[in-house]
């Protein structure tokens with residue numbers, strides 16, 4: 001008996017359709033994508049904001065640390081006994097070995113080591129420790145041993161000191177405890193006792209020249225160097241983390257320690273002593289979409305701070321008068337990257353009085369820049385009235401595209417820095433010299449198409465002001481020429497040969513010239529060079545050709561010609577395929593398609609039923625017609641030896657057989673993705689001698705192809721072998 005079941009919902013109630021579910025899923029995906037995109041955007045914004053905050057904090061910290069010590073430079077070490085003989089006192093290990101060496105012969109504090117061009121400066125200062133030690137007992141004249149007070153506030157025991165440390169003994173007169181100051185080197189340490197030498201240049205340990213009472217101050221003299229290490233002065237990243245320039249500090253014999261990362265540049269600009277200007281360039285830790293971002297994707301911040309030394313030797317001299325620039329020369333074909341500057345000697349002070357010998361000029365400062373009143377680049381030629389400025393760094397700076405440079409000079413004496421002379425200008429109005437020895441040669445190396453021309457030329461001097469080479473091509477001798485390429489791969493500072501390959505050229509004779517370019521001017525043309533691309537062989541036609549006419553269209557399919565560039569094992573010069581309808585022995589061109597394509601569907605309103613295809617190469621040569629009846633019995637080829645999985649070594653004979661109902665044209669073989677090379681054919685057998693001795697051990701794939709007299713081809717299944725040339 002059939003039992004009926006009563007339901008609590010209508011029998012015609014409907015659920016969700018598949019379309020509705022798919023729409024709901026699509027809406028959900030869109031919402032999730034939007035949410036994910038917003039999350040990524042916020043995360044990126046948060047990261048960039050954090051980097052900007054870190055950059056600001058790093059700026060403040062770097063400036064605070066630097067200024068704290070720079071302002072104290074020279075503290076209690078300005079006596080001539082020390083400062084006038086720095087090379088006698090400062091141990092070699094107290095000075096940095098990179099990124100530059102410190103010239104102690106300057107006998108000044110601070111010592112500014114110029115980075116040169118856009119490289120960072122380095123600054124070395126000398127100062128006594130602010131925490132004083134004290135003598136535990138009086139020290140007599142001639143004594144070479146002193147004893148420190150263990151209860152003195154400045155680390156009274158000897159553990160503070162190291163052998164070779166420099167110490168200062170005595171207080172200045174204003175303290176009322178002693179007026180005679182002496183410097184000494186620590187030779188040995190025993191507990192609180194120090195063995196000292198007050199004259200390192202004399203043989204043996206020299207004793208004190210003055211008696212010092214108990215309680216006399218003993219202070220350590222520190223040698224401190226600050227340097228910025230970046231990609232310019234450390235391109236191999238031996239001393240900094242790649243992508244993260246760093247400000248470093250070296251104290252005495254210790255190695256550098258990091259002060260702040262992502263400090264890119266430091267410049268110390270002297271004004272009238274004791275005033276200086278500190279310039280720091282700090283950038284974000286990574287590239288980002290910041291506002292006012294630099295061309296390389298980093299956000300940068302520049303800090304300029306004026307500071308004044310608190311310790312300096314006051315002089316009664318007045319600053320000298322400003323020199324006068326008398327001549328500027330250079331920036332021509334003889335010296336394209338240098339400016340020769342001459343100026344008058346400063347012989348009077350700012351009040352017009354003749355300078356005495358004590359107040360004579362000791363140095364000159366030359367500034368130069370690609371913009372007025374910036375003085376971005378500085379040279380210190382010494383006490384001379386001429387120098388040569390190298391502007392290569394400016395020429396390589398993409399921020400300055402100019403041919404005018406501004407030069408001024410100032411003089412330095414014990415009274416300070418003079419005013420700078422009025423800026424004089426010099427302009428580069430000379431184009432670079434023309435490249436030399438241009439040659440043009442058709443590339444007919446194995447595996448090439450023969451449709452490219454290799455150009456070589458030589459830059460005839462170090463390319464300091466050349467940023468690119470412009471390559472021109474014409475179809476007749478003497479031009480006109482058309483610019484085809486700008487080669488910016490210029491090796492600055494070296495005479496070298498350059499190469500460029502002009503590819504995919506139809507058969508013709510081509511004429512070339514090359515010109516050097518320095519942002520402002522092109523050079524004259526190099527010598528003209530020419531080469532002729534010629535090809536007498538028609539390309540091989542495609543294979544596996546089919547044509548299916550259905551309704552009002554026809555679909556063509558084929559395997560590309562062996563000479564198609566996408567195939568890579570013939571002449572590589574096929575440029576198009578021509579598609580035909582065959583009507584009573586007449587070829588009717590229907591369409592054409594670029595090389596690399598292997599199918600096309602076109603309209604067939606006239607109902608053609610027979611079709612064919614040809615390949616055309618760069619020189620206009622056309623292959624034989626391949627029709628839908630072509631290659632009814634394509635050739636076959638096989639690899640007989642070695643077999644897949646075999647292990648081979650030394651010289652291996654790769655062999656097999658090939659068959660066709662038509663004469664064989666050739667058999668070619670290749671290893672991995674290397675070039676196709678011809679095999680030796682004898683009847684239906686072929687062989688190839690493969691030398692594995694120069695190959696690395698490992699697995700290699702061997703492939704082989706065959707072509708017969710009707711341009712029909714086929715490829716054998718490849719085999720994999722293991723090369724093992726181990727003894």
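The values are calculated or read from the model by the stated rules, or taken from the named source; none is laboratory data. Here the structure is a predicted model, which means the values were calculated and not measured. So basically every Cβ, Gly included, is an ideal-geometry build from the backbone, and we count neighbours across all protein chains shown.
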For residue 270, the lone unmet condition from (1) modelled with pLDDT of 80 or more; (2) in contact with a strand residue (DSSP E or B) (Cβ under 7 Å, 6 or more places away or on another chain); (3) buried (at least 19 other Cβ atoms within 10 Å of the Cβ) is (1)
For residue 168, are the conditions met, namely being loosely packed, with under 14 Cβ neighbours inside 10 Å, modelled with pLDDT of 90 or more and in the same structural domain as residue 86 (by TED's automatic domain parsing)? no
Pick from region 346-364, criterion touching a strand residue (DSSP E or B) at 6+ places or on another chain (Cβ under 8 Å) and part of a loop (DSSP other than H, G, I, E, B), ranking: modelled with the lowest pLDDT: 362
Against the condition touching a strand residue (DSSP E or B) at 6+ places or on another chain (Cβ under 9 Å) and modelled with pLDDT under 90, how does residue 133 come out, does it pass? yes
Does residue 336 satisfy the condition of being in contact (Cβ under 8 Å) with a residue 24 or more places away in the chain and within 31 Å of the chain's Cα centre (by Cα)? yes
Checking 374, 367, 326 in turn, the sole residue that is within 32 Å of the chain's Cα centre (by Cα) and not in a loop (DSSP other than H, G, I, E, B) turns out to be 367
Residues that are within 30 Å of residue 472 (Cβ to Cβ) and exposed (fewer than 15 other Cβ atoms within 10 Å of the Cβ), drawn from region 403-435: 404, 427, 429
With 118, 101, 92 as the choices, which residue is closer than 29 Å to residue 194 by Cβ and either at pLDDT 85 or above or in contact with a strand residue (DSSP E or B) (Cβ under 9 Å, 6 or more places away or on another chain) (or both)? 92
Scan region 671-702 residue by residue and report those that are buried (at least 18 other Cβ atoms within 10 Å of the Cβ) and at pLDDT below 90. 676
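Yes or no, residue by residue, for (1) part of a loop (DSSP other than H, G, I, E, B); (2) surrounded by fewer than 10 Cβ atoms within 10 Å (Cβ to Cβ); (3) modelled with pLDDT of 75 or more:
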| residue | (1), (2), (3) |
| --- | --- |
| 7 | yes, yes, no |
| 13 | yes, yes, no |
| 19 | no, yes, no |
| 22 | no, no, yes |
| 39 | no, no, no |
| 43 | no, no, no |
Of the candidates 521, 500, 512, 517, the one satisfying the condition of being under 29 Å from residue 465 (Cβ atoms), free of Cβ contacts under 8 Å to residues at least 60 places away in the same chain and not assigned by TED's automatic domain parsing to the domain that holds residue 617 is 500
Complete set of residues in region 653-683 that are under 21 Å from residue 540 (Cβ atoms) and in a loop (DSSP other than H, G, I, E, B): 660, 661, 662, 663, 673, 674, 675, 676, 679
Residue among 105, 61, 137 that is at negative phi, surrounded by fewer than 19 Cβ atoms within 10 Å (Cβ to Cβ) and in a loop (DSSP other than H, G, I, E, B): 137
